[in-house]
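Here, each number is a calculation from the coordinates, and none is a lab measurement. Given the structure is predicted, the values throughout are model-derived calculations rather than measurements. Cβ atoms come from the backbone with ideal geometry, glycine included; neighbour counts cover every protein chain shown.
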Amino acid sequence: MPYADHQGIRIHYQVEGEGPPLVLQQHGFTHSVQDWYRAGYVDALKPAYQLILIDARGHGGSEKLYDRAAYTWPYQYMMCLRCWIVYTSPGCTIGAIRWGEMGYGLAKYAPERIDALLIGGSHPYVSTWGTAFRDVDGTDPAAFLATFEKRLGASLPPEAKARILDNDLQAVAAAAQDRPSLEDVLPTMTMPCLLYVGEADGAFQRVQEGAKHMPNVTFVTLPGCNHGDTFSRADLVLPHATKFLHAMPQKEKTSV
């Protein structure tokens, strides 16, 4: 498997397709790059783009770390940028779906490398996701699942629970982190942005509020969708995403 090195930590990534680079950044908590395949994004997008898929620290094929300090912001953003630089040059399109907060981080710290952003189901305001897992270390799978469902506000189907339990739960528990606000970046996000969110997503109001402060945004609501659907319902997301991307002037990949 190909890896990028970030501060001595191995980050797994995969590349599919040919054309302008499009980073599918990142999968959800407890997920991996394989979920992009399962949901149908890879098959739909790889004929037109060179896709760079990245496993987050502690997830999938990336190195497993058990110290919560190894996952604090901005480490997650920085390791994503490192993988991105391996395969792209300045001014490349990046798609940020699911853990869209990484998209806000890239807009804040590396705006010169972005042509456009697609951010799904995420807002730039303070996140307290890690607080829910403060007393969960991953050694008790039942406690981990109960905490996950409580934080998500929904029951998970058996197949989803099985996929979660395939993780190194101690590593992903450590990866559950609070995040400071990134709202100061919103007025500076002059690149075209597609912001989409399910109308039943608990984050809906905050995503909608953030969109009001972005100067070049297209805001899309996915009717009847919750937070998980914002990723898994590729049939609803892709028509908006491809329309947005096709309207962008495309740049071919060049060497770095």
* Structure fact -> With x for Gly and Pro, the residue-by-residue ³J(HN,Hα) of region 14-21, computed from phi through the Karplus equation 6.51 cos²θ - 1.76 cosθ + 1.60 at θ = phi - 60° and given in whole Hz, is 9, 10, 9, x, 10, x, x, x
* Structure fact -> Phi angles of region 178-191, converted by Karplus (6.51 cos²θ - 1.76 cosθ + 1.60, θ = phi - 60°) into ³J(HN,Hα) in whole Hz with x for Gly and Pro, give 6, 9, x, 5, 10, 5, 5, 7, 3, x, 8, 7, 7, 6
* To do: Any chance you could check the Cα centroid distance between region 146-188 and region 210-243 for me, in angstrom?
  => 19
* To do: Could you pull out every residue, at least 5 positions away or on a different chain, whose amide H is within less than 5 Å of the one on residue 114? Hs are placed 1.01 Å off N in the peptide plane, and Pro or chain starts have none.
  => 91, 92
* Asked: If the viscosity is 0.890 mPa s and the temperature 25 °C, what Stokes-Einstein diffusion coefficient in µm²/s follows for the chain when Rh is the Kirkwood radius over Cα pairs?
  -> 135
* Beta bridges per DSSP with both ends in region 3-246, % antiparallel, nearest 5 -> 30
* **Projected label distance in nm at residue 218 and residue 246, using a 7 Å step from Cα toward the beta-carbon** => 1.0
* Structure fact -> region 192-220 scanned against label point 7 Å out from residue 132 along Cα→C-beta; backbone N under 15 Å for 201-204
* 10 Å beta-carbon shell around residue 182, net charge (K/R +1, D/E -1) -> -1
* To do: Work out how much length residue 66 to residue 184 would gain on full extension: take 0.36 nm times their residue separation and subtract the Cα-Cα distance, in nm to one decimal.
  => 39.4 nm
* Based on DSSP H runs of at least 4 residues, each adding -39500 (n - 2.57), what is the mean residue ellipticity at 222 nm of the chain after dividing by all its residues, to the nearest 500 deg cm²/dmol? -> -9500 deg cm²/dmol
* Enumerate the amide H contacts of residue 22 below 5 Å, restricted to partners 5 or more residues apart or on another chain; note that Pro and chain-start residues carry no placed amide H. => 50, 51, 52
* To do: Sort the following peptides by mean Cβ neighbour count (other Cβ atoms within 10 Å, averaged over residues), highest first: 188-197, 216-225.
  => 188-197, 216-225
* To do: Determine ³J(HN,Hα), in whole Hz, for all residues of region 36-46 in sequence, where each value follows from phi through the Karplus function 6.51 cos²θ - 1.76 cosθ + 1.60 and θ = phi - 60°; x replaces Gly and Pro.
  => 5, 5, 4, 6, x, 5, 5, 4, 6, 9, 5
